[in-house]
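A.B. asks: If you scroll down you'll find the structure; I have some questions about it.
Quick note: the coordinates plus some simple rules give every number you see, no bench work behind them. Because the structure is a prediction, the values reported are computed rather than measured. Note that each Cβ is placed from the backbone with ideal geometry, even for glycine, and that neighbours are counted across all protein chains shown.
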Amino acid sequence: MSFMYQTLIGSMVYCLLSSVALGKEVNAFLDLTKGQAPTTQQMIKVNKNDVVHLVISSDEPGDLHLHAYHLSVHVDSKIKSVLDFKAFATGRFPFEWHSDVKHPIPPKAHHKALATIDVFPE
């Protein structure tokens, strides 16, 4: 590939990426105990186009889902997990926890939202 062609491609990619609206980077944390988040971590607030860096820890293994964004991450009880995503849709969206540990809880409570993320317009 010629140098001129590479430069043209690089310029086109730069222009494309420059035109994409970028928000700020937001660090958030969910420290779960028995599938519950502390009250202070149950509401995450960001703006549209922010890049969210969510660090999750738990005392038991399971899966954290952000259904509206079709995202999930497996969390091991010994390792912190990370979920990075761009907040592209506005609204209030629940995080749900699906524990790998079987608890004697009623079926209706199994998929209760443990936290929410509020994505505000820019």
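A.B. asks: Can you spot the aspartates and glutamates whose alpha carbon is less than 19 Å from Lys45's alpha carbon? Ignore those fewer than 8 places along the same chain.
C.D. replies: Lys45 reaches Glu25, Asp31, Asp84, Glu96, Asp118, Glu122.
A.B. asks: Further question: Kindly write out, for the stretch 78-93 in residue order, the coupling ³J(HN,Hα) from the Karplus curve 6.51 cos²θ - 1.76 cosθ + 1.60 (θ = phi - 60°), rounded to whole Hz, with x marking Gly and Pro.
C.D. replies: 9, 9, 6, 10, 10, 10, 10, 7, 9, 7, 9, 10, 8, x, 10, 10
A.B. asks: Moving on. Taking H placed 1.01 Å from N in the peptide plane, check which residues at least 5 places from Thr116 or on another chain put their amide H under 5 Å from its amide H.
C.D. replies: So Thr116 has HN proximity to Met43, Ile44, Phe95.
A.B. asks: In addition: In what sequence do Val55, Val119 fall when counting other Cβ within 10 Å, fewest first?
C.D. replies: Ordered from fewest to most neighbouring Cβ atoms within 10 Å, Val55, Val119 come out as Val55, Val119.
A.B. asks: Also, quick follow-up: Given H placed 1.01 Å from N in the peptide plane, which residues other than close sequence neighbours of Lys48 have an amide H under 5 Å from its amide H?
C.D. replies: Phe120, Glu122
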